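**Q** Take this structure first; my questions come after.
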């Protein structure tokens with residue numbers, strides 16, 4: 001994609017493709033003359049209204065064909081051997097564009113226990129936080145070498161308010177990150193603008209919740225969603 005702003009050209013409003021918790025300098029109002037990269041996200045999944053808990057499958061043809069091998073390779077890991085994604089979201093982060101994602105918890109009505117993200121092109125940091133009352137007990141990390149004195153390396157544990165705690169999780173280039181358990185349901189996750197140092201492409205895969213799995217009250221719909229998703233005939237759903 002090419003930059004579209006110049007000093008001579010008249011200013012034209014750009015559509016950045018951000019929605020929901022995604023933000024960039026375009027939708028936040030860039031200064032005149034800032035270079036703008038128009039890199040919209042690509043979603044492969046059913047159209048969903050999470051507030052009304054409704055979905056429609058019109059236009060959904062499955063995950064893209066290039067993801068079939070990725071999904072197969074995910075299944076080689078014991079934690080993901082039964083992982084069957086029904087949605088894939090590709091995001092393209094650019095430091096020039098000021099890409100970022102606000103702290104959030106993913107929906108749990110439709111999406112299941114595991115959120116799986118493939119990080120490509122450059123490393124970044126995922127920031128985890130707790131938007132809850134109460135406090136957390138923080139304990140210092142143990143010494144790096146067994147020879148080091150525990151007394152000299154460790155300070156006392158201390159209690160900190162939940163909203164004051166942010167955990168920085170390094171996400172290396174070409175790594176696979178899985179959020180599950182408390183990290184999925186209790187800790188928000190975000191990508192701050194300052195942690196996008198170079199172009200980053202991320203593919204996030206989501207599975208169905210128990211309500212749409214065998215034994216759930218919408219198991220038939222879930223079966224159909226999986227059948228379409230794993231046909232790998234998909235095109236982006238606009």
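**Q** Based only on other Cβ atoms within 10 Å, what is the fewest-to-most ordering of 50, 205, 83?
**A** Ascending number of Cβ neighbours within 10 Å: 50, 83, 205.
**Q** Grab the Cα-Cα distance for residue 61 and residue 165, subtract it from 0.36 nm times how many residues apart they are, and report the gain in nm with one decimal.
**A** This chain segment gains 33.3 nm when fully extended.
**Q** Moving on. Restricting things to Cα coordinates, could you compute the convex hull volume per residue of the stretch 157-216 in Å³?
**A** Cα convex hull per residue, to the nearest whole number: 162 Å³.
**Q** Along each of the three principal axes of the Cα atoms of the stretch 33-129, give the extent in whole Å, ordering the values from largest to smallest.
**A** 47, 35, 33
**Q** If you don't mind, there's one more thing I want to ask. Report the gain in length on full extension from residue 72 to residue 125: 0.36 nm times residue separation, minus Cα-Cα distance, nm rounded to one decimal.
**A** Between residue 72 and residue 125, full extension yields 16.5 nm more.
Here, each number is a calculation from the coordinates, and none is a lab measurement. Please read these numbers as outputs of a predicted model, since none were measured by experiment. As a convention, Cβ positions derive from the backbone with ideal geometry for all residues, glycine included, and neighbour counts pool all protein chains shown.
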